[in-house]
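The structure appears right after this line, and notes come after that.
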Amino acid sequence: MSNAKLTDQARTFEVIAWIAVVSLSVQFLVFLKLLTLIGPIADAIRLGDTTGLREVFQPVLYRLVDVLPALIYLGGVLAAARIFGRVANGDLFSKANSQGLADVGSSLLWGAAASALIVPWIKSWLDGEYGFSGIRLESETWVIAVIGGAILILGKMMAQAGRLQSELSEII
């Protein structure tokens, strides 16, 4: 693949990634319905009603817990967008790109863990069970976790290769 083709693909994926970031961010704001809480929160604070505040925030906490994996994945999309931008500018095998790959992999792993373990656990606590309501292991969760691990390892391998290249350059 020529550098021009790689640059064009990287620019295309950078644009797609930033569109995804904006789209996901808007979807989160709509899903969380944060703007609808301003009035009830102001009323509860003005009246000093802590019970009212709890009633206002509990649905928000449930919604935040529901989107936790997606928020973590969003961090990976942001890291990927930055990688695409650097590649489009000709920066291929850099420390920043290897760290970015590790960040993408970590985001996928943590997002899968949140989906499978953390979200069910937090929801059980919010429901007053104060225990663990189970694990959600779906095939998508396994796939995302494994691909995240692979990308994380690739990022670390790329960083190690960069260090070895620097050492070899010093020797020669």
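Computed from the coordinates by the stated procedures, all read-outs in this text should not be read as laboratory data. This structure is a prediction, so every number in the text was calculated from the model and none was measured. Ideal geometry is used to build each Cβ from the backbone, glycine not excepted, and the neighbour counts take in all protein chains shown.
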What number, in percent, do you get for the relative contact order of the chain if the mean sequence gap of Cα pairs under 8 Å and at least 6 apart is divided by its residue count?
24 percent
Report, in debye and to the nearest 20, how large the dipole of the chain comes out about its Cα centre when Lys and Arg carry +1 and Asp and Glu carry -1 on their Cβ.
260 debye
Extension reserve of the ILE172-ASP8 stretch, reckoned as 0.36 nm per residue once the Cα distance is removed:
55.6 nm
In the P(r) worked out for the range 91-132, what percent of Cα pairs fall beyond 12 Å?
65 percent
Mind checking the range 87-172 for trypsin sites (Lys or Arg not before Pro) that DSSP puts in a loop (not H, G, I, E or B) and that have at most 16 other Cβ atoms within 10 Å?
ARG136
I'd like to compare 102-110, 9-17, 25-33: which one has the highest average count of other Cβ atoms within 10 Å, and what's the full order after that?
102-110, 9-17, 25-33
Under a Gaussian network model of the chain whose springs join Cα atoms within less than 10 Å, the largest fluctuation of PRO59, PRO69, PRO120 belongs to PRO59
Placing each pseudo-label 7 Å from Cα in the direction of the beta carbon, ALA150 and ASP43 end up separated by a distance in nanometres of 5.3 nm
Please identify, among GLY111, GLY90, GLY149, the residue showing maximal mean-square fluctuation in a Gaussian network model of the chain using a 10 angstrom Cα cutoff.
GLY90
Of the labelled options (i) -0.22; (ii) -0.38; (iii) -0.27, which one gives log10 I(q)/I(0) by the Debye sum over Cα atoms at q = 0.08 Å⁻¹ as computed for this structure?
(ii)
Do any GluC sites (Glu not before Pro) in the range 94-145 lie in a loop, going by DSSP, with at most 13 other beta-carbon atoms within 10 Å of their beta carbon, and if so which?
GLU129, GLU138
Mean separation of Cα pairs under 8 Å and 6+ residues apart, divided by the residue count of the range 18-96: what relative contact order is that in percent?
37 percent
Leaving out same-chain residues fewer than 8 places away, which lysines sit with a Cα under 25 Å from that of LYS123?
LYS33
